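Asks: The structure under discussion is supplied below as structure tokens; questions concerning it will follow.
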Amino acid sequence: MLLIDDSALHDFEGIATQDPNAVVIGLAPEHFNYETLNKAFRLLLDGAPLIAIHKARYYKKKDGLYLGPGPFVTGLEYATDTKATVVGKPSSTFFLEALRSTGCSTDQAIMIGDDCRDDVGGAQNSGMLGILVRTGKYRAGDEEKIDPAPYLICDSFPQAVDHILEQLL
């Protein structure tokens, strides 16, 4: 059962979805309704695994913040007494696989992100440095929500890049 945005369906071409044996959740606001989530709930109760593309709490659009897939994944976990396999941020496996595929080690990479938990916290839990930028979906006080704290907090992405070029290279 694919609870993903229609624009991501091409990534799953060739996978039969008529008789689902798993629940895959990504960012899919048009699918986050009671009827669809209840179908997912019943599949999970019958033993289907729950796979989260990521567990972002929220994301930002021009007119404000919106719930991400994380609250829906967490709700299904709670209701079914199961745990999702997270294949994206903030999973260490996600960050380490990205580094492996580029040939980088954790001490050669820095994550710059506007999400303290998923971007910066996930990267730092994987052994990388994390720089939090006060742009995008950043909210005042986010930097206090993770331990260890971000390596650095910058007002913008260019400021973070300048720091890397000046201090770390």
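The values are calculated or read from the model by the stated rules, or taken from the named source; none is laboratory data. Only a predicted model underlies this, so the values are computations on that prediction, with no experimental measurement involved. Virtual Cβ from ideal backbone geometry, glycine too; neighbours counted across all protein chains shown.
Asks: Considering only residues of the range 144-168 that are surrounded by 15 or more Cβ atoms within 10 Å (Cβ to Cβ) and either among the small types (G, A, S) or more than 11 Å from I110 (Cβ to Cβ) (or both), which is farthest from the chain's Cα centre (by Cα)?
Replies: Q159
Asks: Only one of these conditions is not met by Y151: (1) within 29 Å of A22 (Cβ to Cβ); (2) in contact with a Gly (Cβ under 8 Å, 6 or more places away or on another chain); (3) among the aromatic types (F, W, Y). Which number is it?
Replies: (1)
Asks: Could you tell me which residue of the range 69-96 is farthest from the chain's Cα centre (by Cα), considering only residues that are exposed (fewer than 12 other Cβ atoms within 10 Å of the Cβ) and either not hydroxyl-bearing (S, T, Y) or not assigned by TED's automatic domain parsing to the domain that holds N33 (or both)?
Replies: It comes out as D81.
Residues checked against (1) among the polar types (S, T, N, Q); (2) part of a loop (DSSP other than H, G, I, E, B):
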residue: Q18; (1), (2): yes, yes
residue: V24; (1), (2): no, no
residue: L37; (1), (2): no, no
residue: L44; (1), (2): no, no
residue: G47; (1), (2): no, yes
residue: I51; (1), (2): no, no
residue: Y78; (1), (2): no, no
residue: E97; (1), (2): no, no
residue: I112; (1), (2): no, no
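Asks: Scan the range 2-16 for residues that are in a loop (DSSP other than H, G, I, E, B), closer than 17 Å to K55 by Cα and hydrophobic (A, V, I, L, M, F, W, C) and jot them down.
Replies: I4
Asks: Any chance you could count how many residues in the range 114-133 are part of a helix (DSSP H, G or I) and out of contact with any strand residue (DSSP E or B) (no Cβ under 6 Å at 6 or more places or on another chain)?
Replies: So the count comes out to 5.
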